[in-house]
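Here, each number is a calculation from the coordinates, and none is a lab measurement. The model shown is predicted, which means the values in this text are computed figures rather than measured ones. Cβ placement follows ideal geometry from the backbone for every residue including glycine, while neighbour counts extend to all protein chains displayed.
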């Protein structure tokens with residue numbers, strides 16, 4: 001064993017590498033080594049030596065203090081009771097040594113002491129003893145306050161290995177039992193002779209912590225000089241931020257009005273008296289923001305008092321409205337939560353008082369003004385533009401709150417007046433676009449049966465300036481109110497004309513808005529737009545090729561909604577009319593002598609995407625499925641088949657065409673597509689063999705699921721051949737990427753889904769296949785790749801294999817003759833059991849989400865039932881393969897012992913608890929490492 005001096009040198013060298021070596025790889029190795037070192041028992045003595053070494057750099061001392069904090073949290077069990085007392089006394093001495101700083105080191109020492117106090121019930125006077133020892137020592141004031149500040153957080157949230165009952169007992173002893181003494185100490189410090197502003201800030205911080213954790217109640221706090229001093233401190237630049245935080249937390253803790261009314265009666269006049277500061281501090285936005293925070297906190301906490309006693313509390317609302325009217329967009333959003341919660345409180349009244357109605361009406365005016373874009377958009381950076389757009393949507397939510405109080409008609413009327421005034425004054429486009437945007441935001445609150453303002457807006461649209469941003473906003477407004485228009489179809493010709501004019505522009509944003517508006521109009525007014533289908537068809541044929549695909553797809557989506565409103569036979573004819581040109585584009589690509597280039601294939605891929613948009617809306621014919629459409633797959637498939645033969649190895653083509661095929665598989669009656677199944681299966685198989693694209697396997701699984709139906713020998717043979725050939729291809733791909741299976745994770749994912757269908761409907765093809773052992777290796781890869789969906793489906797598949805009735809019955813009744821494939825399952829699982837267990841346990845501790853943990857427990861539980869005598873033999877090498885950075889060796893030992901006990905004849909159900917305990921041990925270690933990483937950032 002290395003000496004303490006040698007250990008200290010090794011740690012010092014690692015720290016020197018971490019802080020002074022320019023090689024990033026070396027730094028990463030050093031940091032990893034240091035984290036591992038912090039687990040060891042030697043770390044106690046080595047950190048002590050580092051912390052007390054006078055020549056050690058401050059960064060080394062910080063590392064030592066952080067190590068004490070981490071080990072006191074997680075590793076106190078490494079020490080005997082006597083060693084714990086010695087460690088405590090050493091840390092108390094270190095707290096004195098670093099009382100004057102540096103602050104980061106002192107804080108880590110205080111955290112370590114707080115964690116020890118939580119876990120050492122025999123340290124009965126931890127708080128009172130420190131106050132008695134250090135409270136009157138000016139040199140120790142900062143250190144004592146630091147300890148008292150971190151103590152409530154540590155007691156409330158520390159990840160220490162004690163029971164909840166013990167934690168509650170220690171909390172009562174450390175906090176509740178000492179709160180009065182701590183409050184007296186803070187009150188004494190705040191008015192002490194010679195007290196510095198840094199100590200006053202520390203007093204605020206400490207008081208806030210004890211208040212927010214419920215250990216000092218507001219009534220007690222208000223009875224001390226701290227209360228008045230907090231409000232006086234708002235006039236002190238150095239104390240302002242701390243005072244704002246202190247007052248906000250105090251107000252928040254008094255929101256239980258009935259319990260805190262005496263304190264509230266003192267708070268509210270002092271808060272209201274702050275309103276002049278909003279004007280006086282016009283050149284200090286940070287100060288204004290702090291005052292706004294106080295008003296908003298008071299408004300949120302006392303909103304019920306404001307509602308029922310406006311004569312006293314209404315000035316708070318007025319001050320918040322003043323904050324909302326400021327032109328600082330860092331300040332205005334601070335007020336939004338209040339308007340939302342206050343609207344909820346007012347909404348419970350039978351009638352909202354006029355003064356509150358007036359405030360919300362003024363807020364609508366304010367927000368519309370804030371919505372205006374800058375007069376010089378070029379003056380904003382791209383980030384500022386993005387921030388402003390996000391801010392506009394936040395304001396849109398607050399406008400909805402205004403609608404809930406004033407009614408949507410009144411809010412829309414205010415916006416309309418803004419538009420009229422702007423037009424009358426010939427103001428810039430910004431003054432018109434903003435109220436239009438506000439109307440779109442308020443659309444969800446509009447009663448489509450009652451409102452009359454929408455009609456006035458629609459009538460004024462033609463007179464609006466032709467600026468692109470105005471047209472964009474007007475089109476989006478029209479799209480937002482299509483449900484209203486559906487009840488008033490007389491407006492449809494006008495709206496259709498206005499939308500069509502939007503397509504005639506060259507501005508891409510306007511065209512996009514027109515496409516969106518057209519899509520919504522078609523969806524919500526579908527029965528009224530049937531007569532427009534010829535125009536829509538002509539438009540798509542003439543203009544569609546010149547527009548962005550996203551915009552064209554929106555229109556096809558809208559067309560599908562209109563078609564879906566028709567009688568079945570007419571809908572079929574309409575679908576044929578709109579889909580034929582799209583299918584023809586696919587056919588033309590197969591008829592040309594030379595192959596299309598990738599650029600030439602892009603419009604074909606778009607046509608396929610548009611075709612899917614049509615099909616996915618027009619589903620659910622059920623028994624009314626039009627007979628005219630029954631033979632459509634038979635007419636279209638030869639075109640698709642020929643197209644795939646030429647272009648199936650182009651990835652984006654594979655994605656588009658398999659999406660269309662999936663729609664046909666799902667939506668067309670089974671009998672109309674069954675004759676095509678063999679051909680489709682053969683093409684999917686061929687395309688996958690040539691390309692390795694996962695979409696083809698995806699369709700193969702859909703084919704088996706939809707069309708196998710269990711009795712068709714010819715189809716069984718077709719699917720068996722397809723599965724076998726696709727499996728061979730995947731095995732080749734896996735062999736090429738065995739060191740990096742995540743490269744083909746999409747293929748593995750879809751293949752596992754295919755396996756689910758094969759196992760359910762054609763088990764012989766899977767379990768009797770000579771490739772089954774190799775298939776199982778691919779399944780194991782699916783367990784190891786960090787992918788939530790893949791992990792979940794793979795775990796489900798493994799569980800399905802193990803729960804196979806033939807396997808279960810053979811285990812319960814050895815005399816029964818199981819299906820032939822049971823032997824194959826048993827052989828493969830037994831061969832790969834150690835790797836399976838390693839994948840399950842490692843995945844559980846490394847990258848599985850919580851939803852997967854139950855599946856892991858179920859799989860291990862079934863394995864324990866089926867292989868009760870072999871499981872421990874498999875577990876031993878498995879546990880040795882699991883890295884110690886995922887779970888500590890002692891946790892592995894405990895898991896093995898738990899499993900040994902659980903595998904007894906009457907305790908098999910305890911297997912799940914053993915696995916869960918291992919998971920929890922790993923999670924604690926992960927939490928520890930995250931804390932280490934957080935601490936490392938502070939070094």
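Measuring from the lowest to the highest alpha carbon on each principal axis, how far does the range 626-743 reach, largest first, in angstroms?
52, 32, 20
Label points 7 Å out from Cα along the Cβ direction at residue 40 and residue 53: separation in nm?
The two pseudo-label positions are separated by 1.4 nm.
Which whole-number percent gives the relative contact order of the range 1-174, counting Cα pairs below 8 Å spaced six or more residues apart?
The normalised contact order for the range 1-174 reaches 19 percent.
Measuring from centroid to centroid over Cα atoms, what is the spacing of the range 699-757 and the range 35-105 in Å?
Using only Cα atoms to place each centre, the spacing works out to 58 Å.
In µm²/s, what is D for the chain at 10 °C and 1.306 mPa s, where D = kT/(6 pi eta Rh) by Stokes-Einstein and Rh is the Kirkwood radius from Cα pairs?
Once the numbers are plugged in, D ends up at 46 µm²/s.
Can you classify the range 191-340 as rounded, prolate or oblate using the Cα gyration tensor, where a ≥ b ≥ c are the square roots of its eigenvalues, rounded means a/c under 1.5, and otherwise it's prolate if a/b beats b/c and oblate if not?
oblate
Of 189, 302, how do they rank once you tally other Cβ atoms within 10 Å and put the fewest first? Please report the intermediate quantities before stating the final value.
Values: 189 19, 302 22.
Fewest-to-most Cβ neighbours within 10 Å comes out as 189, 302.
Over all alpha-carbon pairs in the range 1-104, figure out the percentage whose distance exceeds 18 Å.
Distances greater than 18 Å cover 48 percent of the Cα pairs.
Going by average Cβ neighbours within 10 Å, how do the peptides 82-92, 398-408 rank, with the highest at the top?
Details: 82-92: 15.8, 398-408: 22.1.
In decreasing order of mean packing, 82-92, 398-408 become 398-408, 82-92.
Roughly how many whole Å is it from the C-alpha centroid of the range 477-534 to that of the range 598-612?
Measuring centre to centre over Cα atoms gives 25 Å.
Quick one: compute the contact order of the range 590-741, relative version, from alpha carbon pairs under 8 angstrom and 6+ residues apart, as a percent.
Once divided by the residue count of the range 590-741, the mean separation gives 23 percent.
With a Förster radius of 56 Å, plug the Cβ-Cβ distance of residue 26 and residue 593 into 1/(1 + (r/R0)^6) and report the FRET value to the nearest 0.05. Please list the in-between numbers first.
On the way: r = 61 Å, r/R0 = 1.09.
That gives a FRET efficiency of 0.35.
Going by how many other Cβ atoms sit within 10 Å of their own, how do 702, 910, 602 line up, fewest first?
602, 910, 702
Semi-axes, largest first, in whole Å: what does sqrt of 5 times each Cα gyration tensor eigenvalue give for the range 774-939?
Calculated on Cα positions only, the semi-axes equal 31, 18, 12 Å.
Rounded, prolate or oblate for the range 1-174? Axes are the square roots of the Cα gyration tensor eigenvalues, ordered a ≥ b ≥ c, and the cut-off for rounded is a/c under 1.5.
Here the range 1-174 falls in the prolate category.
Residues of the range 409-432 with backbone nitrogen within less than 15 Å of a virtual label 7 Å along the Cα-to-Cβ line of residue 507, please, listed as ranges.
Within reach of a label on residue 507: 428-432.
Please report 641, 284, 789, 750 as a ranked list, fewest other C-beta atoms within 10 angstrom at the top and most at the bottom.
Values: 641 17, 284 14, 789 11, 750 23.
Final ranking by Cβ density, sparse to dense: 789, 284, 641, 750.
FRET efficiency for residue 913 and residue 78, Cβ-Cβ distance as r, R0 = 25 Å, nearest 0.05?
Using R0 = 25 Å, I get an efficiency of 0.45.
Counting pairwise Cα distances across the range 358-515, what percent come out greater than 19 angstrom?
More than 19 Å apart: 53 percent of the Cα pairs in the range 358-515.
For the range 774-939, what's the relative contact order in percent, using C-alpha pairs closer than 8 Å and at least 6 residues apart?
21
If you take the square roots of the eigenvalues of the alpha-carbon gyration tensor of the range 678-809 and sort them as a ≥ b ≥ c, do you get rounded (a/c under 1.5), prolate (a/b over b/c) or oblate?
Oblate, since a/c reaches 1.5 and b/c is not below a/b.
What whole number of Å gives the distance from the Cα centroid of the range 288-307 to the Cα centroid of the range 653-698?
Each part reduced to its Cα centre gives a spacing of 61 Å.
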